1. Of all residues being crowded, with 22+ Cβ neighbours inside 10 Å and among the hydroxyl-bearing types (Ser, Thr, Tyr) in region 73-115, which is farthest from residue 4 (Cα to Cα)? Just the residue, please.
2. Give me the pairs: first residue in region 4-15 and closer than 11 Å to residue 118 by Cα and at pLDDT below 95, second residue not acidic (Asp, Glu) and not in a loop (DSSP other than H, G, I, E, B), beta-carbon distance under 8 Å, and six or more apart or on different chains, which are they?
3. Kindly indicate whether residue 63 is within 14 Å of residue 5 (Cα to Cα) and either acidic (Asp, Glu) or under 14 Å from the mean Cα position of the chain (by Cα) (or both).
4. Do you know which residues across region 1-21 are aliphatic (A, V, I, L, M), within 19 Å of residue 85 (Cα to Cα) and touching a Lys or Arg at 6+ places or on another chain (Cβ under 9 Å)?
5. Restricting region 84-111 to residues that are β-branched (Val, Ile, Thr) and within 12 Å of the chain's Cα centre (by Cα), which is farthest from residue 22 (Cα to Cα)?
6. Mind checking which residues of region 83-123 are under 18 Å from residue 54 (Cβ atoms), touching a strand residue (DSSP E or B) at 6+ places or on another chain (Cβ under 6 Å) and hydrophobic (A, V, I, L, M, F, W, C)?
7. With 47, 121, 97, 92 as the choices, which residue is over 28 Å from residue 13 (Cα atoms) and assigned to a strand (DSSP E or B)?
8. Can we say residue 118 is in contact (Cβ under 8 Å) with a residue 60 or more places away in the chain, open to solvent by 40 Å² or more (accessible area, probe 1.4 Å), closer than 13 Å to residue 18 by Cα and among the aliphatic types (A, V, I, L, M)?
Amino acid sequence: VQLQASGGGLVQAGGSLRLSCAASRRTSSNNAMSWFRQAPGKEREFVAGISWNGGSTIYADAVNGRFIISRDRTNDRVYLQMKSLNPEDTAVYYCAVGRRSYPARSPREYQYWGQGTLVTVSS
């Protein structure tokens, strides 16, 4: 399975971006999908996750209320709509396919990872 993340870029504080992640084949349709991020010098951290059918979502406290995760099962895509961005959101964002149907916050619960897309928020 290959995951292709896109949509990153440079944005000013307060701005918005939408990330997209496409899976190469339909192995993600019954699995949770999530977004993680890793800032320079920091560990990879959970951002948001969505269940196999899109009916359940979870968010990190730092992004709750600002980010929305969604998925389109017909074409194996997951999205992350980000608003009210601040410099602390600067990181490489990764999409991942979970081992189970419902999302978890630990990276160990994910079996496939995308290559990442860089989000830079300027102050």
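1. 110
2. 5/19; 5/20; 5/21; 5/93; 5/94; 5/95; 5/117
3. So residue 63 fails the test.
4. Step one: list which residues in region 1-21 are aliphatic (A, V, I, L, M), which gives 1, 3, 5, 10-11, 13, 17, 19.
Among the residues that remain, those that are also within 19 Å of residue 85 (Cα to Cα) are: 5, 10-11, 13, 17, 19.
Scanning region 1-21 gives a single hit, 17.
5. By that ranking, first place goes to 92.
6. 95, 96, 97
7. 97
8. Answer is yes for this residue.
The values are calculated or read from the model by the stated rules, or taken from the named source; none is laboratory data. A quick note: this is a predicted structure, and the numbers were derived from the prediction, not measured. Using ideal geometry, Cβ is built from the backbone for each residue, glycine included, and neighbour counts are taken over all protein chains shown. Surface accessibility is based on the protein's heavy atoms, side chains included, excluding ligands, DNA and RNA. Shrake-Rupley method; radii C 1.70, N 1.55, O 1.52, S 1.80 Å.
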